[in-house]
Amino acid sequence: MNLTRFLASSFVLALGAAACTSTTDPVPSPPECSDPATPGCLVASTKQRATPSAPAADVSELVKGNTGFALSLYQQLRTEPGNLFYSPFSISEALAMTWAGARADTAKQMATALQFTLPQEQLHPAFNSLDTALMSRGKNAKATDGKGFRLNIANALWGQTSFPFAEPFLDTL
């Protein structure tokens, strides 16, 4: 599958963003609710969140694949006229969330295009560990104006209203 076409169609399913802000306040989340048909409803896993942990080798393998993906994506995007600003990490992470629900040929094609070499049960914890490491980089740092900064990585998957998400998928996310 053509990488540009794959990415264009996948953005309908996933949204990823990273922002550097001058606040240390956490990014607010939408309220959880019992009826997933409610607009703005947050459907989430019932599992308790754990501090992410992955072997350093898995995180390194993820970074290697993300670097390859970023360079391949740039080769596709650089032909467009004008300035370009994008976050390959955010794109990769957002599409990894959709990959968590992919199976069979779709999962294989996504892994190939995104250059994911780890199996899903290793890749998602590696992303969590990498997110935690990246977000901690600004801790106690001061900009030249003396104010602190924080890298907030906020990703969300926007599904069809009333679509029944499988619990194992929500647990992975």
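The values are calculated or read from the model by the stated rules, or taken from the named source; none is laboratory data. These numbers were taken from a predicted model, which means no experiment stands behind them. For neighbour counting, all protein chains shown are included, and Cβ atoms are generated from backbone atoms with ideal geometry for every residue, glycine included. Surface areas here come from the heavy atoms of the whole protein model, side chains and all, with no ligands, DNA or RNA. Shrake-Rupley method; radii C 1.70, N 1.55, O 1.52, S 1.80 Å.
Computed values, structure above
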read-out: Exposure of Asp131 as accessible area (Å², to 10), given a probe of 1.4 Å and all protein chains; value: 20
read-out: Extension gain from Phe169 to Ser72, taking 0.36 nm per residue of separation minus the Cα-Cα distance; value: 32.1 nm
read-out: Whole-number accessible area per residue in Å² for region 128-173, which is evaluated in the context of all protein chains at 1.4 Å; value: 68
read-out: Accessible surface of region 106-173, 1.4 Å probe, proportion on carbon and sulfur as whole %; value: 55
read-out: Using a Förster distance of 35 Å, the FRET efficiency for Arg103-Ser162 (Cβ separation, nearest 0.05); value: 0.95
read-out: Whether region 62-150 is rounded, prolate or oblate, judged on the alpha carbon gyration tensor where a/c under 1.5 counts as rounded; value: oblate
read-out: Per-residue HN-Hα couplings for region 88-102 [Karplus 6.51, -1.76, 1.60; θ = phi - 60°; Hz; x = Gly/Pro]; value: x, 5, 5, 5, 4, 5, 5, 6, 5, 5, 6, 4, 4, x, 7
read-out: Segment Thr38-Leu84, extension gain: residue separation times 0.36 nm, minus the distance between their alpha carbons; value: 12.9 nm
read-out: Order of exposure, largest accessible area first, which applies to Arg137, Arg78, Arg49 with probe 1.4 Å; value: Arg49, Arg137, Arg78
read-out: Under 16 Å from the Cα of Lys147 - lysines, other chains or at least 8 residues apart; value: Lys139
